[in-house]
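Peer 1: Sharing a structure, written as structure tokens. Questions coming.
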Amino acid sequence: MPSTEYYATRQYFTDLVGFTPYSFTNFINKHGIKKTDAGYPIFEIMKALKDGGSESIDDVEKSLKHAKLARIRLETSIKRRDHIKRDLAVDRMRTTLMAISTKISYGAKQAAPRVIGVMNVIDVENIIIGCFESSMDMLLEEAERLIDWEKYELDIQSDGEELAERPEENLSFGDDEEDPFASEI
């Protein structure tokens, strides 16, 4: 008597039978079970399960041990700081902090000539906040232009020095451009 095959979706096997999506894929590949337009053949999968197609407890325990070992190795390498070279991280942090410091100082440099003669405290505050926001916008633009970590590692000094101190913004020498807002005061 020929049997009629029934078909089900992958979701059926993962929800009701207890396969994980990964183990189901491995199982059907291992047993050569093909998906049809109707889904996966239920009787063929049952036969493969009966013939010992499911993972044994030993296989599951091995997989768990490998996963635990991989986790321990990763935690150890993180503790040893293998993933990021400490010198590069410190240099990058210094460069970032120097850039922030330079931009804050530049904001103060922009604000100084504008507040001369302004008697209203609210106006002085608005000028200082405006200059600070302007310098932070410039910092954000520079941060968006930063190259990614791998390229940064290759040439850290030239990029870092360029970001940290631009000649046109050097506070010790000033620049030769007139502040357009200073003439408003």
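Peer 1: Dipole size in debye (nearest 20) for the range 7-79 around its Cα centre, Lys and Arg Cβ +1, Asp and Glu Cβ -1?
Peer 2: Result for the range 7-79 is approximately 320 debye, rounded to the nearest 20.
Peer 1: What is the distance, in nm, between label points placed 7 Å from the Cα along the Cα-to-Cβ direction at HIS31 and at MET98?
Peer 2: Inter-label distance under the simple model: 6.5 nm.
Peer 1: Residue farthest toward the positive end of the dipole of the range 7-79, with Cβ of Lys/Arg at +1 and Asp/Glu at -1: which of GLN11, SER77, LEU64?
Peer 2: Looking along the dipole axis, the top candidate is SER77.
Peer 1: What is the set of long-range amide H partners of ALA8 at a cut-off below 5 Å, with H atoms built 1.01 Å from backbone N?
Peer 2: Those qualifying (amide H under 5 Å, at least 5 residues apart or on another chain) are TYR40, ILE42.
Peer 1: Turning to a different aspect of this structure: Under the √(5λ) rule applied to the eigenvalues of the Cα gyration tensor, what semi-axes describe the equivalent ellipsoid of the range 75-146? Give them in Å, descending.
Peer 2: Result for the range 75-146: semi-axes of 39, 11, 10 Å.
Peer 1: Continuing with the same structure: Can you work out the FRET efficiency for the pair GLU133 and LEU88, with r the C-beta to C-beta distance and R0 = 30 Å, to the nearest 0.05?
Peer 2: 0.45
Peer 1: Run the quick spin-label model on MET46 and ALA67: label points 7 Å from Cα toward the beta carbon, then report their separation in nm to one decimal.
Peer 2: Each label point lies 7 Å from its Cα, and together they span 3.0 nm.
Just so you know, all these numbers are worked out from the coordinates, no wet-lab data involved. The shown structure was predicted, so the numbers you read here are calculated from the model rather than taken from an experiment. As a convention, Cβ positions derive from the backbone with ideal geometry for all residues, glycine included, and neighbour counts pool all protein chains shown.
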